[in-house]
Amino acid sequence: MADKTMSVDEIADRLRSGMTLGIGGWGSRRKPMALVRALLRTAITDLTVVSYGGPDVGLLAAAGRVRRLVAPFATLDSIPLEPHFRAARQSAAFAMTELDEAMFMWGLHAAANRLPFLPVRAGIGSDVMRVNPELRTVTSPYEDGADGGRGEEFVAVPALRMDAAFVHMNRADRLGNGQYLGPDPYFDDLFCEAADEAYLSCEQLVETAELTKEAAPQTLLISRHSVTGVVETPNGAHFTSCAPDYGRDEAFQKLYATTPWQEFAERFLSGGSEHAYQCAVQAWHEEQQ
């Protein structure tokens, strides 16, 4: 079985402009931020980003890398609306496909199962259909309507198929098996299965046998068959949370949300490596003491 270990920059170098990129996690929780930062160090642009949006969306939008966003929201959790997303959206910097959370999830399921769409009740009678005129409806072929009559109408949510996906786990092995130890899987397995290539960053690489030594088997969320590359990136979800390894860096997140983009990028994203970013963050925290 192949050793799939790579560096964050090797992973970023495998991407290209114009692709559709899925990013796992949820809001400001367990986002693959080291991989997003590596992407920002390239010239890649014109991306379609598929995400339960958080600062991943904000960073890419502020840097002008997004052509279209497919998302149900973009939030920092403790800060309800991602400010850089909001600024880019208000200036019409990118197009947006806005789905509700259920529709988004079933779009991932459809792609993971290689289906063109899945029918859902969510969206019927809502403005989701108005703001997404490309969405279609389907009628059940069965007599399951009222009084056994015409079949029920559903929204046909299209598959959210992706060229590549980024996810972040607590632990992984060199083969690409990924384990989460926090309270929620955040659909990261679906992102991997719905993408042509999936890249997994983790807090710690361990031997395969260690993955289930002290944790339940169901924590093995990501299977190696759906992973193209894996990289160990300690603190790689910063400044989002990665429970139980660490919580969200609320002080730094507030700094990110209130600092002009160019000023933030110059101090924290211009160092040329993930190590430089982590050192810059540490230096900032030391200044606050």
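The values are calculated or read from the model by the stated rules, or taken from the named source; none is laboratory data. Because the structure is a prediction, the values reported are computed rather than measured. Positions of Cβ are backbone-derived with ideal geometry, glycine not excepted, and every protein chain shown enters the neighbour counts.
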Go through (1) farther than 25 Å from Glu82 by Cα; (2) buried (at least 22 other Cβ atoms within 10 Å of the Cβ) for Lys213 and report which single condition fails.
(2)
Give me the residue from segment 182-199 that is closer than 13 Å to Met162 by Cα and among the small types (Gly, Ala, Ser) and, out of that set, surrounded by the fewest Cβ atoms within 10 Å (Cβ to Cβ).
Ala194
Yes/no for Phe104 being at pLDDT 95 or above, touching a Pro at 6+ places or on another chain (Cβ under 6 Å) and surrounded by 19 or more Cβ atoms within 10 Å (Cβ to Cβ):
yes
Among the residues of segment 139-156, is there at least one that is out of contact with any Leu (no Cβ under 9 Å at 6 or more places or on another chain), outside any helix (DSSP H, G or I), outside the structural domain of Ala251 (by TED's automatic domain parsing) and among the β-branched types (Val, Ile, Thr)?
yes
Residues that are touching a Pro at 6+ places or on another chain (Cβ under 6 Å), assigned by TED's automatic domain parsing to the domain that holds His238 and not polar (S, T, N, Q): list the strands (runs of 3 or more DSSP E) wholly contained in segment 1-101 that include at least 2 such residues.
none
Of the candidates Val167, Val155, the one satisfying the condition of being of a type outside the set (S, T, N, Q), buried (at least 22 other Cβ atoms within 10 Å of the Cβ), without any contact (Cβ under 8 Å) to a residue 60 or more places away in the chain and within 30 Å of Leu115 (Cα to Cα) is Val155
